[in-house]
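Since every read-out is calculated from the coordinates, none of them should be taken as a lab result. No experiment lies behind these values; they were computed from the predicted model shown. When we count neighbours, we look across all protein chains shown, and the Cβ atoms used for this are built from the backbone with ideal geometry, even at glycine.
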Amino acid sequence: MHMASYLIEGGNRLFGSVSISGNKNSILPCMAAALLTSDEVILRNVPQISDVSIMVLLMQQLGAEVEVGDHFLKITTPNIKTSKLSEDLVNKLRASILLAGPLLARSKKVEFSHPGGDIIGQRSIETHLAGFKQLGFSISVSDRDYKIKGGIDSKEKIFFMDEPSVTATENLILTCSLNEGKIILKNCASEPHIVDLCNLLKKMGVKFSGIGTNNLTIEGAKKLSGAEFSVGSDFVEFGTYVVAAAITKGEIKLYNCPLENLEPITHPLKKMGVKFQENSDGSVSVSSQNLVAIPKLITNIWPGFPTDLMSALIVLATQAKGVSLMHDWMYESRMFFVDKLINMGANITISDPHRVLVYGPTKLHARELETPDIRAGMALVLAALVAKGTSVINRAELIERGYEDVTNNLAKLGAKIQKLDAS
C-alpha cells in the first residue's frame, strides 16, 4: 500500500454538505455472503474504500467473478476454486476471517492464517472457533495456521456465545445459511451491520427470527438464490462528520443517513451540546454553539455507544467545557493515541489503559503525527481541523481503509487540507 500524508491547516469553520457512504462493516460480510450462491448478487451503496478492494481480490482468488462499478458490486461465484485464503491478503484485512463461514458452508473446509488489519489490541478469533466447534466442525491449529473441516452435525443446535462478537456472529450466520436445520445463536451481536447481513440473506432464501436482537434463529436452505441489496449508511462516518461540524463551530448537512435507530450515537452527542435537525429533503443538519463535557461515556455493544467512535469523541471532549470521563473496556489500546492529543496541547489524564479524563476546552497546536489505526487516524484529522497552525498526518492511507474520499469531502466543507503521496 502506498504511503500518504495529509497537510491540514486548522482554524476553519466547516459549512456545506456531505453524503455519508455505505457501512464499511456491512459491506464486507455482505460480500462474503455472495459466495453462498452460484447466482449473481448485486450490492449497492458500496463504500469506495481500500478494504473493499482487498476483499474483492480475496474473493476473486476463491473463484468469484466480481464487477466493480460506481458504488456497486456484481458478484457471481459459479464454483469455489480453493478454500485456502492467501496469507498476504489476510494480513492486510482482519475481516477476511468472514470468508471462513461461506467456505465452510459451501466447500465444508477452509484454511487460513491468523488475520491482520488494525492494531487495537489482541483481537482473538476464539469466539469464531468455539462456534465452528459447537456446530460440529473439526479444527486443527499449527502456530498461526488454521484448518477447519466437516459440517454441521445435527438438525437443531443452540449455541450460547461467550461474548457478543460482531464478526463471530456474522461468521456463524454465514456458516449456517446453507444448513437446512434450525440454529439458535444466543447472546449474539445485534449491530446494524448484522441486521444488513440478515436482510440480504433473507432475500437469498434464509429464514430468520429475532433479527436485530441478541437471540437469533437461523433456518438455512440447501440452495440460495441471488439477490440485489443496498447496504445501510456508515454510522461511524456519520458520527465523525458530526464531530467535525461541532468542534469547528460550523454547520454541516448530512445526506444518505436517516437518524432512525442512531440514538446510541446521537444521544451522547446531544448531551454534549450538538444539535440535530431533520430536513424535509431527508438530510440532517448538524451544528453546535456550546459544547459541554459528558460526565461519563462508556462504549458498549449495540445499542450502546460504539467503540469505533470513541477516538472522535475524545477529540470533541477536548473542546467541551468541563471534565469528561471516557471509558472503552473493549480494546486496551484504543486509548494509546491520546498521548498524541496531549502533545498537541490537550489536557488529558490517562487513568488506565481503558479510561481517560479529558479537561476542556483547550487550545490545540499543530504537530506532525503518525496514524496508529483507522479510527485514531481520523480523530487526529479532527484535532488538526481545530489546531492552530499546519499539521501533518502521516500514514494517512490507513484512514482511507475506512473513510471514503476524506480530503475531498473536508475540502468541500471549507477545510484547508491537502493529500501528499510519498512515492
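For region 1-81, just say rounded, prolate or oblate: build the C-alpha gyration tensor, square-root its eigenvalues into a ≥ b ≥ c, call rounded for a/c under 1.5, and beyond that prolate if a/b exceeds b/c, oblate if not. Prolate, since a/c reaches 1.5 and a/b exceeds b/c.
A dipole drawn for region 173-307 from +1 and -1 charges on Cβ atoms has a positive end, and of PRO268, VAL286, GLY239 the residue lying farthest that way is PRO268. Of the trypsin sites (Lys or Arg not before Pro) found in region 119-172, those in coil by DSSP whose Cβ has at most 15 other Cβ atoms within 10 Å are ARG144, LYS155. Fraction of C-alpha pairs exceeding 15 angstrom in region 252-337: 60 percent, rounded to a whole number. The dipole here belongs to the chain: it is taken about the Cα centre, uses +1 on the Cβ of Lys and Arg and -1 on the Cβ of Asp and Glu, and is about 460 debye.
Loop-located trypsin sites (Lys or Arg not before Pro) in region 269-376 (DSSP state not H, G, I, E or B) with no more than 15 neighbouring Cβ atoms inside 10 Å: LYS363. Applied to region 334-339, the Karplus parametrisation 6.51 cos²θ - 1.76 cosθ + 1.60 on θ = phi - 60° returns per-residue 3J(HN,Hα) values of 4, 8, 4, 6, 5, 4 Hz, with x for Gly and Pro.
Panel order for MET59, MET31, by other beta carbons found within 10 Å of each beta carbon, from fewest to most: MET59, MET31. Viscosity 0.692 mPa s, temperature 37 °C: what is the translational diffusion coefficient of region 208-281 from Stokes-Einstein with a Kirkwood Rh over Cα pairs, rounded to a whole number of µm²/s? Translational D for this selection: 213 µm²/s. Each Lys or Arg adds one and each Asp or Glu subtracts one; over the other residues with Cβ under 13 Å from the Cβ of LEU224, this totals +2.
Computed about the Cα centre, the dipole magnitude for region 24-230 is approximately 560 debye when only Lys and Arg (+1) and Asp and Glu (-1) carry charge, each at its Cβ. Here the gap between LYS270 and GLU126, fully extended at 0.36 nm per residue and compared with their Cα-Cα distance, gives a gain of 48.1 nm.
Counting every other Cβ atom within 10 Å of each residue's Cβ, ILE183, ILE42 order from fewest to most as ILE42, ILE183. Could you give the Stokes-Einstein D for region 24-230 in µm² per second, using the C-alpha Kirkwood radius, 10 °C, 1.306 mPa s? So the translational diffusion coefficient is about 96 µm²/s. Straight-line cross-link reach from LYS419 at under 21 Å between alpha-carbon atoms covers these lysines, not counting any fewer than eight positions away in the same chain: LYS340, LYS388.
Which net charge results when you count Lys and Arg as +1 and Asp and Glu as -1 among the other residues whose beta-carbon is under 13 Å from that of PRO29? Summing Lys and Arg as +1 and Asp and Glu as -1 gives -2.
Where both bridge residues fall in the chain, DSSP classifies roughly 70% of the beta bridges as antiparallel.
Looking at this model, which pairs from LYS74/LYS253; LYS92/LYS416; LYS92/LYS412; LYS74/LYS207; LYS157/LYS223 are more than 26 angstrom apart at the alpha-carbon? Those over the limit are LYS74/LYS253; LYS92/LYS416; LYS92/LYS412.
For HIS193, HIS71, the sequence from fewest to most other C-beta atoms within 10 Å is HIS71, HIS193. Taking label positions 7 Å along the Cα-Cβ direction at both ASN343 and VAL66, the computed distance is 3.4 nm, reported to one decimal.
When the helices of the chain are scored as -39500 (n - 2.57) per DSSP H run of n ≥ 4 and the total is divided over every residue, the value at 222 nm lands at -8500 deg cm²/dmol. The alpha carbon convex hull volume per residue for the chain rounds to 129 Å³. Spin-label model, GLU163 to VAL141: label points 7 Å out along the Cα-to-beta-carbon direction sit 1.4 nm apart. Projected onto the charge dipole of the chain (+1 at Lys/Arg Cβ, -1 at Asp/Glu Cβ, origin at the Cα centre), which of ASN187, VAL90, HIS365 gives the Cα projection farthest towards the positive end? Comparing the listed Cα positions along the dipole, ASN187 ranks first. Residue separation of GLU263 and ASP281 scaled by 0.36 nm, minus their Cα-Cα distance, works out to 4.4 nm of gained length. Out of VAL206, ALA100, LEU28, whose Cα points farthest toward the positive end of the dipole of region 24-230 (charges: +1 Lys, Arg; -1 Asp, Glu; placed on Cβ)? Toward the positive end, the furthest listed residue is VAL206.
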